[in-house]
Amino acid sequence: MAKITGVICDWAGTTVDFGSLSPVAAFAKAFEAYGHTVSFEEIRTYMGMLKYDHTLALLEHTKERFRASFGRLPAPEDAKAIYGTFETALFETLADYAVPIKGAVAFAQFLHEEKIHLGSTTGYTPQMMEIVAPEAAKHGFMPAAIIAPRKGLLGRPHPYLIYQNAIMLGCYPLWRVVKIGDTVSDMQEGRNAGCWCVGVSVSGNEMGLSEADVAALDTPTYETKKARAVQTLETAGAHLVIDGIWHAKEAIERIERWIQEGHLPHETKETLCN
């Protein structure tokens, strides 16, 4: 019986940092300090990318507002200055947002018992992960591979971080690997690599709320926000969308049933569910 051989998880918003709050706050602070305000919604549009690329994308997205304020279009020097402030702000809070989301440790244990490798990709730099990963490990979440973008290794939406995971973990073919993440770029990364893709809605970037704020929502607002998040992730390529990592075991079991029925990741969600 063909089984899943590997699962590659994202970090912020998926396995740690409910709501993916830390990078959003740091970006907002960095842009505001530079005199160029960007909204939380704009910041979240590009979440999951390498953080310097994220900075460039935000400047490109808001270049006409930048021109109105500064009398010129943004230049690489602007991106470097803003990113420097962002990085400083992020490093100050990273450890506070590295506690595993509920269900992450239990899911890792399930994968271990099933002899399924657990890897990870991220939009954080290797230096950032030197803070996040050890802190998460204190609480029992320790992927066997932690691959971050760096010079010579392009991040999302390119598939190369997943390829590196597959090499380190010995997971192949990639149609037996599942990517789990909370952003559009996570789903694009997984699709580009030829993996199954599971989106995370409630705990992730698309909802963009802390666990306490989610719990405080009235039912109609919660359902509306969740539906919007699900639609965004499905449009980006998710085969399945779950509330959070606490439902990932059921997602793996469902994908294994699809594989047993002869399905492959290049198929659409509509084809699989017919």
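Rule-based calculations on the coordinates, nothing more; no lab input. Worth saying up front: this structure is predicted, and the values here are computed from it rather than measured. Neighbour counts run over all protein chains shown; Cβ positions are idealised from the backbone, glycine included.
Taken over the range 50-121, lysine pairs spaced eight or more positions apart, or on distinct chains, with alpha carbons under 28 Å apart number 5.
Evaluating kT/(6 pi eta Rh) at 37 °C and 0.692 mPa s, with the Kirkwood radius of the range 20-175 over Cα pairs in the Stokes-Einstein relation, gives 193 µm² s⁻¹.
Over the residues of the range 124-185, compute the C-alpha Rg and express it relative to 2.2 N^0.38 Å. Working shown, then result.
Numbers: Rg = 12.4 Å, N = 62, 2.2 N^0.38 = 10.6 Å.
With N residues counted in the range 124-185, Rg over 2.2 N^0.38 Å equals 1.18.
Placing pseudo-labels 7 Å out from each Cα toward the beta carbon at A33 and T219 gives an inter-label distance of 4.5 nm. Each residue of the range 19-32 was assigned a 3J(HN,Hα) from its phi angle through the Karplus expression (A = 6.51, B = -1.76, C = 1.60, θ = phi - 60°), giving x, 6, 8, 4, x, 5, 4, 5, 5, 4, 5, 5, 5, 5 Hz with x at Gly and Pro.
Between the amide H of I8 and those of G119, V178, K179, I180, distances stay under 5 Å, these residues lying 5 or more places away or on another chain, with hydrogens modeled in the peptide plane. Rounded to the nearest Å, what's the spacing between the alpha carbon centres of the range 1-49 and the range 179-200? Just the number, please. Measuring centre to centre over Cα atoms gives 14 Å.
Between K63 and A106, the simple label model (points 7 Å from Cα in the Cβ direction) yields a spacing of 4.8 nm. Within the range 147-274, the proportion of C-alpha pairs whose separation exceeds 17 Å stands at 59%. Rounded to the nearest whole angstrom, the semi-axes of the ellipsoid equivalent to the range 21-96, taken from the Cα gyration tensor as √(5λ), stand at 20, 12, 11, largest first.
Working note: Karplus 6.51/-1.76/1.60 with θ = phi - 60° gives the range 56-69 the couplings 4, 5, 5, 5, 5, 5, 10, 4, 6, 5, 4, 4, 5, 7 Hz, where Gly and Pro are set to x.
Annotation: amide H-H contacts under 5 Å for S210 (H modelled 1.01 Å from N, sequence separation of 5 or more, or interchain): none.
The label-point distance for E250 and R228, in a model that sets each label 7 Å from Cα toward Cβ, rounds to 2.5 nm. Working note: Karplus 6.51/-1.76/1.60 with θ = phi - 60° gives the range 206-216 the couplings 5, 7, x, 10, 5, 4, 5, 5, 5, 5, 7 Hz, where Gly and Pro are set to x. Extent along the principal axes, Cα only, for the chain: 62, 42, 33 Å, with the longest axis given first. Give me the angle, in degrees from 0 to 90, between the Cα long axis of helix 76-93 and the longest principal axis of the Cα atoms of the chain, rounded to the nearest 10. Taking Cα atoms only, the helix is inclined about 60 degrees. Neighbours of M128, meaning other residues whose beta-carbon lies under 10 angstrom from its beta-carbon, give a summed charge of -1 when Lys and Arg score +1 and Asp and Glu score -1.
Calculated on the alpha-carbon coordinates, the convex hull of the range 18-65 measures out at 67 cubic angstrom per residue.
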